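Novice: I am attaching a structure below and will ask some questions about it afterwards.
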2 protein chains.
Amino acid sequence: MTAGDNPMRVVLIGAGNVATHLGKALQDAGCLVVQVYSRTAQSASELAATLSTGYTTEVEDIRKDADVYIVALKDTALQALAPDLVRGREDALFVHTAGSIPMTLWEGLLPRYGVLYPMQTFSKQRPVDFHTVPFFIEASGEEEWQILRELAGRLSPLVYRADSEQRKYLHLAAVFACNFANHMYALSAQILAGQGIPFEVMLPLVDETAQKVHRLSPVQAQTGPAVRQDVNVMDRHLELLADEPALRELYEKISKSIYNRKQP
Amino acid sequence: MTAGDNPMRVVLIGAGNVATHLGKALQDAGCLVVQVYSRTAQSASELAATLSTGYTTEVEDIRKDADVYIVALKDTALQALAPDLVRGREDALFVHTAGSIPMTLWEGLLPRYGVLYPMQTFSKQRPVDFHTVPFFIEASGEEEWQILRELAGRLSPLVYRADSEQRKYLHLAAVFACNFANHMYALSAQILAGQGIPFEVMLPLVDETAQKVHRLSPVQAQTGPAVRQDVNVMDRHLELLADEPALRELYEKISKSIYNRKQP
């Protein structure tokens, strides 16, 4: 990524999972991460060391000479900090990575802004292959859109345009397909742990469940007692959960939801 | 699989997804499926044609000369039919495939019986690679255990011993990790469809979510607003679900369950 003949100069605002993975990938793609900002010195210094760059914990010490500021903060911090981040840096392009925050966050603060939403689940302990991560982009204008498309295109072939309204729903849909699906694994692991069985035995089923929806719609792929309305099996399962009222309630409500959405 | 020098002769009771996939795999593994039984003529004849074997829709016409009878029926049918299935075939080995039904189903009906539980999600439209399917086996005696271990071992390297109590919990855990996880995909697809976005964009995230739990425990792998207790994001998501009270309730209860189980 170049501006003229020079590599694109990026400041990363945030040093959490998204900033960490994105920072490494941007650097691998030829961008220059010139600084990391985080309120927490340890996170900032760790990520800066990984990227061999500088860091600051003070908003006023954030450099003013970068081309793009990528803001990957928790949503509340993002909204609280945006005006301070922009001040004195109004010529740059500011983007945030949070799927659920509308682009209007930047309106009136500076002329060039956008959203760069990588729809993936980022954990510190696990490397991310950005080539399979879809990026959803929104921009204040055509020029900004081109810059962000080129930036994202360096990381992934899956670059889409999505406005703030679509992105809100994308983010909500991602919570179901990723965060909530993962929690179903967690509840499964808890049930197995009660019997001394490692979650490992479940992995072939976890994988096949994910693979199936590459070929079938999730509704077509649905199996199990709820979609068959096999009341005997469900009753026995509910008995096993007698000491876990919260789990029992989830079992009942999800089963009902499955049945209500079964294929005609 | 041989009994003496002859291939093992198997009758399949049932012609649903499990019977279909298991029948094909057994035949590929050198077993002889000598007959298919199903109450429904169409299912029975279709599976019999696939396996180039005979079929019947009458319990009294089920052959009496097989070595193993594999019963892959819906749980209610299995319990209702077991005594009739066994009658006149008391010298054979009877096994059922339903994870949630205890082995005691066969007690008093005949001397040799067991359970052969392939823990996988079977859909008619999709081939199954049995080499990745874990089989959980229980048997009335050591001889039956050896036979079932050899039978399952022809299909998969993942053969485990599990008693009826463990299997009940395995089945319940599988409902969470597979059926309920898949329903989270279905709800995600529904949310996307409302915006005209194909579920396809979610597949990299679905895959990564499944892959992550190969390396991290599901609780370690948990990401998203619920585990961060990001109340602003969750409130905005609940607003998006204002017209979907059942979905809204699921969102709230699953988020609460995630937060209650977060890593210390």
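Read-outs throughout are calculated quantities, based only on the coordinates presented, and are distinct from any laboratory measurement. Quantities reported herein were computed from a predicted structural model and do not represent experimental measurements. A quick note on method: Cβ atoms are made from the backbone with ideal geometry, for glycine too, and the neighbour counts reach across all protein chains shown.
Novice: Quick check: the angle from helix B:203-212's long axis to the longest principal axis of chain B, C-alpha only, nearest 10 degrees?
Specialist: That works out to roughly 70 degrees.
Novice: Would you grab the residues whose amide H sits under 5 Å from the one on B:Phe136? Only those 5+ places off in sequence or on another chain, please, with H modelled 1.01 Å from N.
Specialist: Sorted by chain and number, the residues that satisfy this are B:Tyr117, B:Met119, B:Tyr160.
Novice: Go ahead and set up a Gaussian network model of chain B, Cα springs under 10 Å, then flag whichever of B:Thr40, B:Thr76, B:Thr132 fluctuates most.
Specialist: Of B:Thr40, B:Thr76, B:Thr132, the most mobile in the Gaussian network model is B:Thr76.
Novice: Now, a different point. If we count every other residue with Cβ under 14 angstrom of A:Trp145's Cβ, Lys/Arg +1 and Asp/Glu -1, where does the sum land? Each step should come with its number before you reach the end.
Specialist: Details: positive: A:Arg112, A:Arg149, A:Arg161; negative: A:Glu138, A:Glu142, A:Glu143, A:Glu144, A:Glu150, A:Asp163.
Here the count lands on -3.
Novice: Along Cα→Cβ, 7 Å out, is where each label goes; now give me the distance between the ones at B:Glu90 and B:Lys64 in nm to one decimal.
Specialist: So the label points at B:Glu90 and B:Lys64 sit 1.2 nm apart.
Novice: Further, regarding this structure: Rank A:Asp65, A:Asp129, A:Asp243 by mean-square fluctuation in a GNM of chain A with C-alpha springs under 10 angstrom and give only the top-ranked residue.
Specialist: Top of the fluctuation ranking is A:Asp243.
Novice: Connecting C-alpha atoms closer than 10 Å in a GNM of chain B, tell me which of B:Phe176, B:Phe199, B:Phe122 has the biggest fluctuation.
Specialist: B:Phe199
Novice: Could you pull out which residues in the stretch B:205-245 have an amide N less than 18 Å from a spot 7 Å beyond the Cα of A:Gln220, following the Cα-Cβ vector?
Specialist: Label zone hits: none.
Novice: Which entries of B:Lys74/B:Lys124; B:Lys74/B:Lys253; B:Lys24/B:Lys212; A:Lys24/B:Lys256 show an alpha-carbon separation above 22 angstrom in the structure shown? Let's see the in-between values first.
Specialist: Details: B:Lys74/B:Lys124 15 Å; B:Lys74/B:Lys253 31 Å; B:Lys24/B:Lys212 32 Å; A:Lys24/B:Lys256 33 Å.
Checking Cα-Cα distances, B:Lys74/B:Lys253; B:Lys24/B:Lys212; A:Lys24/B:Lys256 exceed 22 Å.
Novice: Modelled label-to-label distance, A:Asp129 and A:Gln263, 7 Å Cα→beta-carbon offset: nm?
Specialist: Result for the modelled spin labels: 2.9 nm.
Novice: Would you mind checking the radius of gyration and Dmax of the stretch B:177-264 based on alpha-carbon positions, in Å?
Specialist: 13.6, 40
Novice: In nm, what is the difference between 0.36 nm times the number of residues separating B:Val231 and B:Gln42 and their Cα-Cα distance? Mind dumping the intermediate values first?
Specialist: On the way: separation 189, 0.36 × 189 = 68.04 nm, distance 5.34 nm.
Difference between extended and current length: 62.7 nm.
Novice: Further, regarding this structure: When only Cα pairs under 8 Å and 6 or more residues apart are kept, what is the percent relative contact order across chain B?
Specialist: Working: 365 pairs, mean separation 31.5, N = 264.
It comes to 12 percent, rounded to a whole number.
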